[in-house]
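What follows is a short report on a single structure.
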Amino acid sequence: MLLMNRFLGLIAIMTALAGSITVASAHPHVFVTASSELIYAPDGTITGVRHAWVFDDMFSTYALQGIESKTKGVYTREELAPLAQTNVESLKEFAFFTFAKVEGKKQRFNDPVDYYLEKRDAALVLHFTLPFKTPFRAKKMELEIFDPSFFVDFGLEKKDPIKLAGAPASCTMAIQRPSDGAAKAQTMNEDTFMNGENSNYGAMFANKITVDCP
């Protein structure tokens, strides 16, 4: 129940979800398909990460309950703005599920900017940019996207999931997609994930991006 309430707080309007997810139900509960950009300044420094997260249809349907719109089934950015703000503010507690390292040192983010939600077919898509607290140059950088608790299963878009926006021409990128952890996780009940030994279970299924700029 703790993990369920944790994510309910993150999304903020998921009271309906409480009736459909029980304590015994298996992880993951929410599926996100992500695409991201590493943002480079003209001087070659890395200034931030721009995300677009597509939530699964079932989750999106629940999230939209109670959201009024002028046109049935159609939602403007303005109508979704309060939900978008709640989401990005809540993400801070969970490090935005985004982890960057340079030479083993964690890079910190400022609060998200340029955030908004859009309805794309049946799915909600959350867009936001994470500025680094201190822009930096790096010959090698590692970026990971995952939920340590595996409440949320993050996958990358199949085509061009990661882009280097404005990067020097010499930069190259490698993407390591994880194996599917959902099948194994769904054999484990909620109590298993409350065990300290599994508190970082999702790290085994992190999406890992390595950027080299010689």
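The values are calculated or read from the model by the stated rules, or taken from the named source; none is laboratory data. Keep in mind that this is a model prediction, so the values were computed, not measured. So basically every Cβ, Gly included, is an ideal-geometry build from the backbone, and we count neighbours across all protein chains shown.
Quick notes on this one:
- L64 crowded, with 17+ Cβ neighbours inside 10 Å and within 15 Å of K119 (Cβ to Cβ): yes
- Residues that are part of a loop (DSSP other than H, G, I, E, B), touching a strand residue (DSSP E or B) at 6+ places or on another chain (Cβ under 8 Å) and modelled with pLDDT under 95 were ranked within segment 169-207; the one that is surrounded by the fewest Cβ atoms within 10 Å (Cβ to Cβ) is R177.
- Verdict on F109 being under 13 Å from the mean Cα position of the chain (by Cα) and either buried (at least 19 other Cβ atoms within 10 Å of the Cβ) or more than 20 Å from V152 (Cα to Cα) (or both): no
- Meets criteria (more than 22 Å from L156 (Cα to Cα), loosely packed, with under 14 Cβ neighbours inside 10 Å and under 14 Å from the mean Cα position of the chain (by Cα)) for E93: yes
- Residue check for Y115: under 16 Å from the mean Cα position of the chain (by Cα) and hydroxyl-bearing (S, T, Y): yes
- The set of residues in segment 75-88 that are touching a residue at least 12 places away in the same chain (Cβ under 8 Å) and part of a helix (DSSP H, G or I) comprises R77, E79, L80, A81, L83, A84, Q85, T86, N87, V88.
- The single condition among (1) in contact (Cβ under 8 Å) with a residue 12 or more places away in the chain; (2) more than 19 Å from F132 (Cβ to Cβ); (3) in a loop (DSSP other than H, G, I, E, B) that E68 does not satisfy is (1).
- Among the residues making up segment 145-163, those that are buried (at least 18 other Cβ atoms within 10 Å of the Cβ) and not in a loop (DSSP other than H, G, I, E, B) are I145, V152, D153, F154, G155, L156, I162.
- The strands (runs of 3 or more DSSP E) falling completely within segment 99-141 that include 3 or more residues that are touching a residue at least 60 places away in the same chain (Cβ under 8 Å) map to 123-136.
- Within segment 96-106, the set of residues being crowded, with 16+ Cβ neighbours inside 10 Å and either over 19 Å from R50 (Cβ atoms) or under 13 Å from the mean Cα position of the chain (by Cα) (or both) comprises F96, F97, T98, F99.
- Among (1) modelled with pLDDT of 95 or more; (2) surrounded by 14 or more Cβ atoms within 10 Å (Cβ to Cβ) - the single one L3 does not satisfy: (1)
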